[in-house]
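Below: one structure, written as structure tokens.
The values are calculated or read from the model by the stated rules, or taken from the named source; none is laboratory data. Given the structure is predicted, the values throughout are model-derived calculations rather than measurements. We place every Cβ from the backbone using ideal geometry, glycine too, and count neighbours over all the protein chains shown. All accessible areas refer to the heavy atoms of the entire protein, side chains included, with ligands and DNA or RNA removed. Shrake-Rupley method; radii C 1.70, N 1.55, O 1.52, S 1.80 Å.
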Amino acid sequence: MALPNLLRLIYRNVRVNTDPASLIILLGLPGMYLVFFGFGFSSLTSQGGSATSYLAFLAPGILAFQTVMAGTVAGSILWADRRFGMLAQLLVGPFTRLEYLLGIIVTSLLFGLGGAAVMLGVAVALLGTTTLGVAGIAVMLGTIALGSVLFGALMLLLAALVKSNNAYNSVQILLIFFVNFASTVFYPLSPRLPEALRVLFVVNPLTYVADVVRHGYGGSLSAVNPLEVVGLLVEAVVLLLLATRAYLRSDVSLE
Amino acid sequence: MNAVADALPDDPTAPISCEALVHSYDGRHRALDGVSFRVRRGEVFGLLGRNGAGKSTLIKAMTTLITPTEGQLRILGLDPRHDGRRIRERIGVVQQGESFDFTSVEGNLDIYGMLWGIPREERARRREALLARFGIAEIRKRRSFDLSGGQKRRVQVAREFMHDMEILFLDEPTVGLDVLMRRTLLDSVRDEVRRGLTVVFTTHNLEEADYLCDRVAVIDLGRVIVSDSVENLKRLYSGKKTVDVTADAEHAERFFAALRERAGGGATLTVHGTSATILTDDAKTTLAAIVEIARGSGAALEWLNVRGNTLEDVFLRSVGNGGRSDGAAQPP
């Protein structure tokens, strides 16, 4: 029996983006952050007498970071398909433009959840223990799914607007760096941080993804701020609408 | 310019019907400027024209990638404005530019078949047959982006046959192919046509069009200049001969100027650099004039040849000067 159009597009996206080189970047980079930063900074904090493992703090942050990596998958699919002719080829096939876009978003979501699951396994293996409960897992999964859609939409917007390969790569790297390090993935939002940096933390959606995932990971669900989740949802919807508009307005046939 | 009307009767069952089709990308310049033609079921219809003539825009309109600004377009009886998906489900398109997924040759074929909903076992059967038919079995494990231009083109065309279709649009499919593979591809298309496939084929290569097409439309500046069967078009010029002449560079300009003045008997002169093509009713008189002018002007004739007409002559005559250095003289 033939799969529905959307599932075919998703299968194609997953198959094309799960080659060894892509997986090394998608899983290897966050994995290395977890291992090197985790152990490196743990040794630093333990010298200061802190009993809290930095690794335990970092692990949920890295799960949140997977949403950014999933977003890059979404952007890369659209960018590569535009650049290498597959977008026009698919759109003269039995697919609509919206099916194509939805296929990318769902792929991003799958990569976010899949990557987070792998990182969770790595974290549990490194920490040797977990306080995860069913509710905590549900909150984490929901937030990671939301974050994946949000960053997927952001990267799709970039891929739809940018014209040159160099510009796309440069802006993407800059975005990843900014989103990653101006968030609570690697360190908490401390009052000792410079004011400008704190503002960046506050406007960065990854901060909220990391916070909620961290609460889910640590079992402190009562500490989850519903406004953070609502904010993420609103941002995801707005970015998705902007990305859809930019994509629908781009002239596929001229590429 | 010649304007040979498409003699097809108004056929509501025609797989493709274009009526006064207009398209403008910027609202000012018309890439298509009132194109009308019909394509019969099971024929190979060639779109011939120079770069920028409007061929690819026409293909994009017929494959629903762009919506024409004005005019009527019916594909398989459906209106692309409202039935885009239903049309696309029944057509195949080999686009002019390359299009690949980041995977192996066989992976590209398999993924493409999957996208079209072909079951796994059938995909495998078709993939093996196409790898053999297009001579790409040896490179099946290579990644598509590591292939040469000709190999990529073969894979791209082969891939399109992974699914079933009623109309196949081929936008310059033989670019980059060697002679053998070009013929293989054209023969493959012919085989499919015998099974009932309708093909729309754009090309610069008029030999290919001659070999493959049942009918052609010559397009220039967004308009159909000539549309008829290849045989009819050739017959249109059957009483004429083509004289090719090349003069030495020093005297060429003066020589052709004098020749233009003398060319008579329905002759049409098209100059390109130091060479000229003369379409004439009376080859003997034309040859005598050439020799006489050469003697008088001191020009050395580097090449002189008389031949029957080809589709290329029809094409050149249809699009006139073809952007070359001199205009076509009208018969006196």
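If you plug the beta carbon distance of B:A288 and B:R254 into 1/(1 + (r/R0)^6) with R0 = 25 Å, you get a FRET efficiency near 0.85.
Taking only the Cα atoms of the protein assembly as shown, the radius of gyration and Dmax are 31.6, 108 Å. With a cut-off of 16 Å on the backbone N, the residues of the range A:169-202 near the modelled label site 7 Å out from A:V234 along Cα-Cβ are A:202.
The mean sequence distance of close C-alpha pairs (under 8 Å, at least 6 residues apart), as a share of the length of the range A:106-255, puts its relative contact order at 36 percent. Given axes a ≥ b ≥ c from the Cα gyration tensor, I'd like to know whether chain A is rounded (a/c under 1.5), prolate (a/b larger than b/c) or oblate. Here chain A falls in the prolate category. Chain pair B, A: how much accessible area is buried, both chains summed, with a 1.4 Å probe, in Å² to 100? Result for this pair: about 2400 Å² buried.
Beyond 25 Å, the tail of the calculated P(r) for the range B:166-272 holds 43 percent of the Cα pairs.
Binning the alpha carbon pair distances of chain B at 10 angstrom intervals from zero yields the distribution 5, 23, 27, 22, 14, 7, 2, 0, expressed in whole percent.
Which residues in the range B:162-191 place their backbone N less than 17 Å from a point set 7 Å from the Cα of B:T13 along the Cα-to-Cβ direction? Answer for the range B:162-191: B:166-167. When you restrict to C-alpha pairs under 8 Å that are six or more residues apart and normalise by the size of chain B, the relative contact order lands at 21 percent. Averaging 1/r across all pairs of distinct Cα atoms in the range B:20-110 and inverting the result yields a Kirkwood radius of 14.9 Å.
Accessible surface area normalised per residue over chain A is 44 Å², counting heavy atoms of protein chains with a 1.4 Å rolling probe.
The Cα atoms of the range A:57-207 give a gyration tensor whose axes a ≥ b ≥ c have a/c of 1.5 or more with a/b no greater than b/c, which makes the shape oblate. Seen from all directions on average, the range B:106-215 presents a Cα convex hull projection of 6.8 nm².
With R₀ fixed at 41 Å, the C-beta to C-beta distance from B:N305 to B:T69 puts the FRET efficiency at about 0.35. Compared with the direct C-alpha span, the chain from B:D26 to B:D244 gains 74.4 nm at full extension, assuming 0.36 nm per residue. In whole angstrom, note down how far apart the Cα centers of the range B:126-161 and the range A:134-208 are. The range B:126-161 and the range A:134-208 have Cα centres spaced 41 Å from each other.
From the P(r) of the range B:100-163, could you give the percentage of C-alpha pairs in the tail past 15 Å? Please report the intermediate quantities before stating the final value.
Values: 783 of 2016 pairs.
Percentage above 15 Å: 39.
Rg and Dmax of the range B:155-201, both derived from C-alpha coordinates alone, stand at 10.3, 28 Å. Listed by chain and number, the lysines whose C-alpha is less than 16 Å from the C-alpha of B:K141, apart from same-chain residues fewer than 8 away, are B:K152. Converting phi to 3J(HN,Hα) with the Karplus coefficients 6.51, -1.76 and 1.60 and the offset θ = phi - 60°, the range A:181-192 yields 8, 9, 8, 8, 5, 9, 8, x, 7, 9, x, 7 Hz in sequence order, with x at every glycine or proline. Modelled this way, with points 7 Å down the Cα-to-C-beta line, the labels at A:F177 and A:L241 are 3.3 nm from one another. Taking a ≥ b ≥ c as the square roots of the eigenvalues of the Cα gyration tensor of the range A:197-238, is the shape rounded (a/c under 1.5), prolate (a/b larger than b/c) or oblate? Since a/c reaches 1.5 but b/c is at least a/b, the shape of the range A:197-238 is classed as oblate. Of all stretches in chain A that contain no trypsin sites (Lys or Arg not before Pro) in a DSSP loop with at most 13 other Cβ atoms within 10 Å, the longest one is A:1-162.
Angle, helix A:134-161 long axis vs. longest principal axis of chain A, Cα atoms, 0 to 90°, nearest 10? The two axes meet at around 50 degrees. Axis angle, to the nearest 10 degrees, between helix B:120-133 and the longest C-alpha principal axis of chain B: 30 degrees.
Using a Förster distance of 45 angstrom, determine the FRET efficiency expected from the C-beta separation of A:A117 and B:D83, and round it to 0.05. Please list the in-between numbers first.
Values: r = 42 Å, r/R0 = 0.94.
The formula returns an efficiency of 0.60 here.
Comparing B:K284, B:K234, B:K55, which has the greatest mean-square fluctuation in the GNM of chain B with Cα pairs linked when under 10 Å apart? Checking each option, the largest mean-square fluctuation is seen for B:K284.
The contact residues of the range A:88-137, meaning those that lose at least 40 Å² of 1.4 Å-probe accessible area when all protein chains sit together rather than their chain alone, are A:Q89, A:V92, A:P94. In a reduced charge model with +1 at each Lys and Arg Cβ and -1 at each Asp and Glu Cβ, the range B:16-234 shows a dipole moment near 340 debye about its Cα centre.
Leaving out ligands, DNA and RNA, what percent of the accessible area of the range B:16-234 is carbon and sulfur, probe 1.4 Å? Whole-percent figure for carbon plus sulfur exposure: 45. The gain in end-to-end length when the B:H272 to B:S148 segment is fully stretched comes to 41.3 nm, 0.36 nm per residue minus the alpha carbon separation. For B:K240, the aspartates and glutamates whose Cα falls under 18 Å of its own Cα, not counting residues fewer than eight places away in the same chain, are B:E231, B:D281, B:D282, B:E312, B:D313.
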